[in-house]
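Student: One structure, pasted below without further comment.
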């Protein structure tokens, strides 16, 4: 069961429910939260069945600003992905006094994020209405990056909110709703958002960051709904297999998760779209996620992705008083737990086989124990997460194996009476009760289970110590072995892939890349996912390169030094 690394959910999920109409009323005696209404009106598809643009209207209440203060924001670059900010036209802002003049300025957040901020040229107080058009480039090449950006095909479009929604630049929670207008599109149009199928509203007031972290898909998407479980799905494009059976499998797993964790979020949405260069990748969103497929994708290859991302309806990053690098410093928890449970819970539910379980486990273990960056401390992960794939995978791989080792330690210390499951359920119940679910809580619960030894192992993991679960960590049916595996190695300096243009530097003599014909100074023209390559020892990489006036292809296995790595096998 091959699976790709997914971009992390960096914000704790709030309960969201697909409901037509108005969000829940405020308690008696309390003023209702302000509202925000997003209306999406796609244009009629052209002859190529591409939607050329989408008209957007945002009506935001509770907008009190002095002259010069930030009003609205839209990322120009979100986690290295270029958004539709430069394709916005005809932007108008109005309030009860008329037009609101606004000045736009671009802010460099960090190396991977840049934001356009609009500031009020005069004071405003009340409801503001934005209207603008977002053009969609039908010829944009597919990216091996998180699929935030707006895409169109087969009479539809899709995007994450952070790619095109201009939203209030504040932390105010608003009663949120999404509405669809297909009057210009023509007959047969329908829309889906992370709030649900068709026009939908949030169950609770949401901050703008949650609307930005939702998915929006309109046109003629395929859909699936398991209403009693609050599970729904939509997909854009033509999958090479029937999608409803896979979504029915996911709905069954979603139901099992609810039983295991003791409660079920009101709703969860899954969005799929095509990407020939990076199939099987995913991004975590507000009570939903988006994944990619191509014409060779198989349901079995997508199940671990579905299992992982649905877990984020329950398991997310730890709370903190300081949002360090968007939460990447805490991704060992949310992503590590998700990888740990993405194989364990489907196996317990009888939804995957023992062979599938081992394939998933050994891909993680093989990637971790061959990773030359295995001992990078957790404190250094935020700086390298989006810049070095070998660092990016550490919270997933290291975290999952750490939790397997911790689970084994708790079971041993309690004589089999307690497990990691008990600790995790306690933490999640604290969050549902409105209490902090932070590292301090984790430390307290861990110390209660394992004493000082547990805290020492935890701190060693954070410092980058190699984690090794015991042989029987996954039950008596499996045991640990050592096998020779090769390190992931591009054969040249990975920083070359971050430059524009991408020029090969630091070519390693004798590497597979050099032997395949790659040369220092070649310009790499294509994009590709390195995360998936790391976990597949047999995978080949094809580079489209320009050398002088020629365009060439170089194909090789991106592998280097052979090392001894831990794997697990079925016990006889």
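Student: Can you tell me which condition residue 453 does not meet? The list is (1) surrounded by fewer than 16 Cβ atoms within 10 Å (Cβ to Cβ); (2) under 26 Å from the mean Cα position of the chain (by Cα); (3) not in a loop (DSSP other than H, G, I, E, B), and all the others hold.
Tutor: (2)
Student: Something else: Please pick out the residue among 404, 440, 448, 460 that is touching a residue at least 12 places away in the same chain (Cβ under 8 Å) and outside any loop (DSSP other than H, G, I, E, B).
Tutor: Just a single option satisfies the conditions, and that option is 404.
Student: So residue 89 clears everything in (1) more than 15 Å from residue 124 (Cβ to Cβ); (2) in contact with a strand residue (DSSP E or B) (Cβ under 7 Å, 6 or more places away or on another chain); (3) surrounded by 16 or more Cβ atoms within 10 Å (Cβ to Cβ) except one condition, right? Which one?
Tutor: (3)
Student: If I filter region 467-495 down to residues being surrounded by fewer than 19 Cβ atoms within 10 Å (Cβ to Cβ) and under 25 Å from the mean Cα position of the chain (by Cα), which single residue comes out as farthest from residue 402 (Cα to Cα)?
Tutor: 495
Student: Is it the case that residue 309 is touching a strand residue (DSSP E or B) at 6+ places or on another chain (Cβ under 7 Å), in a helix (DSSP H, G or I) and within 16 Å of residue 393 (Cα to Cα)?
Tutor: Taking the combined requirement at face value, the residue satisfies it.
Student: Please state which one of 392, 330, 343, 367 is surrounded by 18 or more Cβ atoms within 10 Å (Cβ to Cβ), closer than 20 Å to residue 282 by Cβ and in contact with a strand residue (DSSP E or B) (Cβ under 8 Å, 6 or more places away or on another chain).
Tutor: 367
Student: Among the strands (runs of 3 or more DSSP E) contained in region 64-140, which hold 2 or more residues that are within 20 Å of residue 207 (Cβ to Cβ)?
Tutor: Of the strands (runs of 3 or more DSSP E) lying wholly inside region 64-140, those with at least 2 residues that are within 20 Å of residue 207 (Cβ to Cβ) span 70-78, 102-110, 113-120, 124-135.
Student: Now, a different point. Exactly one condition in (1) surrounded by 21 or more Cβ atoms within 10 Å (Cβ to Cβ); (2) over 22 Å from residue 371 (Cβ atoms) is not met by residue 399; state its number.
Tutor: Here residue 399 clears every test but (2).
Student: Can you tell me which of 518, 507, 543 is touching a strand residue (DSSP E or B) at 6+ places or on another chain (Cβ under 6 Å), part of a loop (DSSP other than H, G, I, E, B) and crowded, with 16+ Cβ neighbours inside 10 Å?
Tutor: Selected residue: 518, the only one of 518, 507, 543 that is touching a strand residue (DSSP E or B) at 6+ places or on another chain (Cβ under 6 Å), part of a loop (DSSP other than H, G, I, E, B) and crowded, with 16+ Cβ neighbours inside 10 Å.
Student: Of all the residues that make up region 287-308, how many are closer than 22 Å to residue 400 by Cα and in contact with a helix residue (DSSP H, G or I) (Cβ under 8 Å, 6 or more places away or on another chain)?
Tutor: 9
Student: Kindly check whether there is at least one residue in region 284-302 that is in contact with a strand residue (DSSP E or B) (Cβ under 8 Å, 6 or more places away or on another chain) and part of a helix (DSSP H, G or I).
Tutor: Yes, region 284-302 has at least one match.
Student: I'm checking my understanding of the structure. Among residues of region 422-436 that are free of Cβ contacts under 8 Å to residues at least 40 places away in the same chain and within 15 Å of residue 344 (Cβ to Cβ), which one is surrounded by the most Cβ atoms within 10 Å (Cβ to Cβ)?
Tutor: Among those residues, the one meeting the criterion is 423.
Student: May I ask you to say which residue of 194, 176, 158 is under 27 Å from residue 313 (Cα atoms), touching a residue at least 60 places away in the same chain (Cβ under 8 Å), in contact with a helix residue (DSSP H, G or I) (Cβ under 8 Å, 6 or more places away or on another chain) and surrounded by 22 or more Cβ atoms within 10 Å (Cβ to Cβ)?
Tutor: Within the list 194, 176, 158, the selection yields 176.
Student: Check region 47-58 and report whether any residue there is in contact (Cβ under 8 Å) with a residue 12 or more places away in the chain, over 27 Å from residue 138 (Cα atoms), in the same structural domain as residue 202 (by TED's automatic domain parsing) and surrounded by fewer than 20 Cβ atoms within 10 Å (Cβ to Cβ).
Tutor: no
Student: With the condition kept exactly as written, say whether any residue in region 400-408 is modelled with pLDDT of 95 or more and closer than 26 Å to residue 145 by Cβ.
Tutor: The answer is yes, given that some residue of region 400-408 is modelled with pLDDT of 95 or more and closer than 26 Å to residue 145 by Cβ.
Student: Can you tell me how many residues in region 156-171 are within 21 Å of the chain's Cα centre (by Cα) and assigned to a strand (DSSP E or B)?
Tutor: Adding up the residues that qualify gives 5.
Student: I would also like to ask the following. Name the residues in region 105-142 that are surrounded by fewer than 16 Cβ atoms within 10 Å (Cβ to Cβ), over 30 Å from residue 154 (Cβ atoms) and free of Cβ contacts under 8 Å to residues at least 60 places away in the same chain, would you?
Tutor: Of everything in region 105-142, those that are surrounded by fewer than 16 Cβ atoms within 10 Å (Cβ to Cβ), over 30 Å from residue 154 (Cβ atoms) and free of Cβ contacts under 8 Å to residues at least 60 places away in the same chain turn out to be 105, 106, 107, 108, 109, 121, 122, 123.
Student: Moving on. Return the pairs, sorted by first residue and then second, in which the second residue is part of a loop (DSSP other than H, G, I, E, B) and modelled with pLDDT under 95, the first residue lies in region 336-352 and is closer than 14 Å to residue 395 by Cα, the beta carbons are less than 6 Å apart, and the residues are 6+ apart or on different chains.
Tutor: These pairs meet every condition: 337/315; 338/315.
Student: Same structure again: If residue 264 satisfies all but one of (1) more than 18 Å from the chain's Cα centre (by Cα); (2) buried (at least 20 other Cβ atoms within 10 Å of the Cβ), what's the number of the condition it fails?
Tutor: (2)
Student: I would also like to ask the following. Which of the following residues is surrounded by fewer than 22 Cβ atoms within 10 Å (Cβ to Cβ), under 15 Å from residue 234 (Cα atoms) and modelled with pLDDT of 95 or more: 169, 181, 199?
Tutor: Just one listed residue meets the conditions, 199.
Student: Somewhere in region 528-538, is a residue outside the structural domain of residue 394 (by TED's automatic domain parsing) and more than 25 Å from residue 374 (Cβ to Cβ)?
Tutor: No, region 528-538 has no match at all.
The values are calculated or read from the model by the stated rules, or taken from the named source; none is laboratory data. Computed from a predicted model, the values in this text were never measured in an experiment. Cβ coordinates were reconstructed from backbone atoms using ideal geometry, including for glycine residues, and neighbour counts include every protein chain displayed.
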